[in-house]
Amino acid sequence: MSILVLAEHHDGQLAGATAHVVAAARAIQQDSGGDIDVLVAGENVGAIADAAARLDGVSRVRVADAAVYAHQLAEPLGELLVALADDYGHVLAAATTTGKNVMPRLAALKDVAQLSEIIAVESADTFQRPIYAGNAIATVQSDDALKVITVRATAFDAVAETGSASVEAVDTVVDNALSSFVGEELAASDRPELGAAKVVISGGRGMGSGDNFKLLDGIADKLGAAIGASRAAVDAGFVPNDMQVGQTGKIVAPELYIAVGISGAIQHLAGMKDSKVIVAINKDEEAPIFQVADYGLVADLFEALPELESKL
Amino acid sequence: MKVLVAVKRVIDYNVKIRVKPDNSDVDLTNVKMAMNPFCEIAVEEAVRLKERGVATEVVAVTVGPKAAQEQLRTALALGADRAIHIQTDERVESLGAAKALARVVEEEQPGLTILGKQAIDSDNNQTGQMLAALTGRPQGTFASEVVIENDKARVTREIDGGLQTVELALPAIVTTDLRLNEPRYAKLPDIMKAKKKPLSVKTPEELGVEVASRLTLVKVEPPAERQGGVKVGSVDELVDKLKNEAKVIS
Ligand SMILES: Cc1cc2nc3c(=O)[nH]c(=O)nc-3n(C[C@H](O)[C@H](O)[C@H](O)COP(=O)(O)OP(=O)(O)OC[C@H]3O[C@@H](n4cnc5c(N)ncnc54)[C@H](O)[C@@H]3O)c2cc1C
Ligand SMILES: Cc1cc2nc3c(=O)[nH]c(=O)nc-3n(C[C@H](O)[C@H](O)[C@H](O)COP(=O)(O)OP(=O)(O)OC[C@H]3O[C@@H](n4cnc5c(N)ncnc54)[C@H](O)[C@@H]3O)c2cc1C
């Protein structure tokens, strides 16, 4: 049976996460055989489909281009997936807010369990996934004929972009009388996406105010880093919610993660402890973040950050 | 309008879990259990809707073992009017929970059903979406604001890039994100009163649903431990280590 990957895209561009999900699909394919198709659903998504066709390992890109799929609302997108799923043994999406929103609808309508946020493929029916905020790793096996899966993108290396898959239109157009799109407030930033950045610097409650997050800007500029935050910093209104790293925020695994004024609660660690190198700057030498940090600096951040910026 | 809230009994979020030595599961013997934090937010939202006169009745429901009645009592103390316990000792996964909840939705016909976006034990983030699909209702997941107006729910959702607002035809399903509200604490008199509020018990068999797990739990292991590293004495030493030892900056 073949494998279908739901493409993740925003603002007319294929999101980086898709290449990681295709990598997970290839790991499944080694055991199950079959082809890998990518579904691009949205409105005016021709360029996105072309980008998806370049992903290595993809045989065919299926394009559902219609107004009803704009903004990828869960109700019509779920129905589209249900209409296509019979051709496949596995349907995969990134564990992003889009994937998490729609995939359980497909699973429920097909009466199968869903495997959320897998981090490893053991075989075509057995997968690893973190539970309890990553404090345990479960190996789970599914006997369902259709496997509906979301994939933690940071756990799989992206496939290259040297492929040339065929591109075909899907003419299934569903109705949606249940929900409608009203508006969006997206964070505009010139910095790399949190989930894809090689370096991430995050501030916590210790930053004291939203204004003080500027202390991270200069360092982020010099390192080409994305800026993240703890939930306490988001809840205090220092920064917007899309910057939250953790169990219930974004999962990141950069080469370098710098935690500033963050204590290291398990919910925060769940989002960053797979980073290659972790640096912690905290004035409390007992802070739990030091237990996972490769390099810990016990210092007042208001002194350490300007100095760090000047020495990079 | 009636509001249904689903609450789940999970390990208290402050507890550091341990894996059983035989790797069969997480060891939950004698650990402190509590209402899933996202479900507390769901209860709070329902109670606020009632306080504002939008909701007429708040019904709390759980699917789980006998002990889960503690969490239903908590929901009643926080302001729910009555509770429904779907009692089972099976290991229930999201699909099973959603099927049982779908039956309750059919019977109760709530205008709005509120669930947590994810349970902090299995971190699945599925049940609300599955319930929406099974009942043919629209969904507003990861909500940070819910406004009910003219038979519609306007839901602001926390998405990866920021916020998205959707309008849903009622009846609808909403799942809560962290910033929807700050749940209150139950007061002692309310905890006493909650003991007398109605709580009905049903079994999945009575509802005609199969809740047993579809997935086989092959094993559960602790994650690879990270070795704590070293403390550096100065910013200079930090920059030096990052350049020359870790080689992650140039
Ligand atoms: C269901 C649930 C889900 C959650 N999900 C998440 C999540 O996804 N992500 C997340 O981050 N949290 C999450 N949390 C919250 C988490 O439990 C912690 O409350 C939070 O991570 C704490 O943030 P913090 O480290 O910034 O704040 P604090 O714990 O208050 O730590 C602040 C730190 O700053 C240090 N500090 C203060 N001033 C200075 C200074 N001048 N110089 C240097 N250091 C200083 C202090 O020593 C302290 O260690 C969740 C909680 C729950 C219940
Ligand atoms: C490795 C593993 C071990 C497990 N061990 C046990 C165990 O020892 N004992 C046990 O009882 N279960 C166990 N379970 C089942 C598990 O705890 C959940 O009941 C199941 O996965 C339901 O999905 P979820 O809570 O992740 O749903 P999510 O989709 O993450 O939950 C979202 C929301 O749905 C609602 N919801 C979910 N479940 C219920 C429910 N049962 N009742 C009411 N509302 C609900 C809540 O509002 C919740 O906030 C285990 C699961 C796994 C994967």
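The overall shape of segment A:194-311 is rounded: from the C-alpha gyration tensor, with semi-axes ordered a ≥ b ≥ c, the ratio a/c is less than 1.5. A simple packing score, the average count of other Cβ atoms within 10 Å per residue, orders the peptides A:277-288, A:242-253 as A:242-253, A:277-288, with the highest score first.
Nearest 5 is fine: what % of DSSP beta bridges in segment B:2-225 come out antiparallel, could you say? The antiparallel proportion sits near 40 percent.
Comparing Cα centroids, segment A:86-148 and segment A:1-77 end up 17 angstrom apart.
Beta bridges from DSSP with both residues in the protein assembly as shown: antiparallel share about 35 percent, rounded to the nearest 5.
Cross-link check: pairs A:K198/A:K273; B:K50/B:K196; A:K250/B:K50 evaluated at a Cα-Cα cut-off of 26 Å; pairs beyond the cut-off: A:K250/B:K50. What angle do you read, to the nearest 10 degrees and between 0 and 90, between the alpha-carbon axis of helix A:214-223 and the longest principal axis of chain A? It is inclined by approximately 70 degrees.
Evaluated over the Cα positions of segment A:119-170, the convex hull gives a direction-averaged projected area, one quarter of its surface, of 5.8 nm². With the convex hull drawn over the C-alpha atoms of segment A:146-196, the volume per residue is 239 Å³. Using every pair of separate Cα atoms, the Kirkwood estimate puts the hydrodynamic radius of chain A at 20.5 angstrom. Shielding value for B:11-20 is 3, the average number of Cβ atoms from other chains within 10 Å of each residue's Cβ.
Comparing mean-square fluctuations of B:L168, B:L28, B:L101 from a GNM of chain B with C-alpha springs under 10 Å, the top value falls on B:L28.
The trypsin sites (Lys or Arg not before Pro) of segment B:1-59 that meet both conditions, a loop assignment by DSSP and at most 16 other Cβ atoms within 10 Å of the site Cβ, are B:K16, B:R18, B:K32, B:R52. Karplus-based coupling profile of segment A:262-270, in residue order and whole Hz: 10, 7, x, 4, 4, 5, 6, 4, 4, with θ = phi - 60° in 6.51 cos²θ - 1.76 cosθ + 1.60 and x standing for Gly or Pro. Peptide A:127-133 shows a mean partner chain C-beta count of 6 within 10 Å per residue C-beta. Look at the alpha carbon pairs under 8 Å that are at least 6 residues apart: their mean separation over the length of chain B gives a relative contact order of 23 percent.
A short reminder: the numbers here are calculations on the coordinates, not readings from a lab. These figures come from a predicted structure and were not determined experimentally. In this analysis, Cβ positions are derived from the backbone assuming ideal geometry, glycine residues included, and neighbour counts consider all displayed protein chains.
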